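Asker: This structure is in structure tokens; I'll ask about it shortly.
The values are calculated or read from the model by the stated rules, or taken from the named source; none is laboratory data. Small disclaimer: the values here were computed from a predicted structure and weren't measured. When we count neighbours, we look across all protein chains shown, and the Cβ atoms used for this are built from the backbone with ideal geometry, even at glycine. What goes into the accessible areas is simple: the full protein's heavy atoms, side chains included, and nothing from ligands, DNA or RNA. Shrake-Rupley method; radii C 1.70, N 1.55, O 1.52, S 1.80 Å.
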Amino acid sequence: QVQLVESGGGLVQPGGSLRLSCVASGSIFVIYNMAWYRQAPGLQRDLVAAITRGGSTHYSDSVKGRITISRDNAKNTAYLQMNSLKPEDTAVYYCKFDAPYAYWGQGTQVTVSS
């Protein structure tokens, strides 16, 4: 079994920054893709950003230029650096690791409001 734990969410004013972390523990041999998703109330869960084991990244159009995904393979950890946050970024953020099966974290709330 693999467990994922997210941290770093909270309340931030528009234009502010947050850094989310997701750490994996348990029976891990190798983690392939790491990704962050988000889900706002009443909406579907959408991909925010993803990163391969080799470091190739993909971003949704709505966050390009404001959000950066990174990973530390030695620590089984993914990060999401979020800058210039907007109210529409408010959502529960989930990490998902392919190890090789898909594992999800429990989610961390990000609220962007003045």
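Asker: For the full complex of protein chains and a 1.4 angstrom probe, list Asp72, Asp89 by accessible area with the highest value first.
Answerer: From most exposed to least exposed: Asp72, Asp89.
Asker: Once the Cα gyration tensor of region 65-114 is diagonalised, what are the square roots of 5 times its eigenvalues, in whole Å and ordered largest first, as equivalent ellipsoid semi-axes?
Answerer: Output for region 65-114: semi-axes of 24, 14, 8 Å.
Asker: Would you mind telling me the share, in percent, of accessible area of region 36-88 contributed by carbon and sulfur at probe 1.4 angstrom?
Answerer: Carbon and sulfur: 47 percent of the exposed surface of region 36-88.
Asker: With a 1.4 Å probe and every protein chain left in place, work out the accessible area per residue of the chain in Å², rounded to a whole number. Before the final figure, lay out each step's value.
Answerer: Values: 5970 Å² over 114 residues.
Here the per-residue accessible area is 52 Å².
Asker: Normalised by the residues of the chain, what does the relative contact order come to in percent, with Cα pairs under 8 Å and at least six apart?
Answerer: 37 percent
Asker: With a sphere of radius 14 Å drawn around the Cβ of Tyr59, what net charge do the other residues whose Cβ falls strictly inside it have (Lys, Arg +1; Asp, Glu -1)?
Answerer: Numbers: positive: Arg38, Lys64, Arg66; negative: Asp46, Asp61, Asp89.
Charge balance near Tyr59 sits at 0.
Asker: Also: For region 47-114, state which chymotrypsin sites (Phe, Trp or Tyr not before Pro) are in a DSSP loop and have at most 12 other beta carbons lying within 10 Å of their beta carbon.
Answerer: Passing both the DSSP loop test and the Cβ count: Tyr101.
Asker: Using protein chains only and a probe of 1.4 angstrom, how many square angstrom of Glu88 are accessible, to the nearest 10?
Answerer: The accessible area comes out at roughly 130 Å².
Asker: Now for a separate question. Grab the beta carbon distance between Arg66 and Ser25, set R0 = 35 Å, and tell me the FRET efficiency rounded to 0.05.
Answerer: That gives a FRET efficiency of 0.75.
Asker: Under a cut-off of 15 Å between alpha-carbon atoms, report the aspartates and glutamates in cross-link reach of Lys86, not counting same-chain residues fewer than 8 places apart.
Answerer: In chain and number order, the partners are Asp61.
Asker: If Lys and Arg each add +1 and Asp and Glu each add -1, what is the summed charge of the other residues whose beta carbon sits under 12 Å from the beta carbon of Val23?
Answerer: With Lys, Arg at +1 and Asp, Glu at -1, the neighbours total 0.
Asker: Quick check for you: which residues of region 30-56 have the amide N under 17 Å from the point 7 Å beyond the Cα of Thr111 toward its beta carbon?
Answerer: 39-42
Asker: Another question about this same structure. Can you sort Lys86, Lys64 by solvent-accessible area, 1.4 Å probe, largest first?
Answerer: Largest to smallest exposure gives the sequence Lys64, Lys86.
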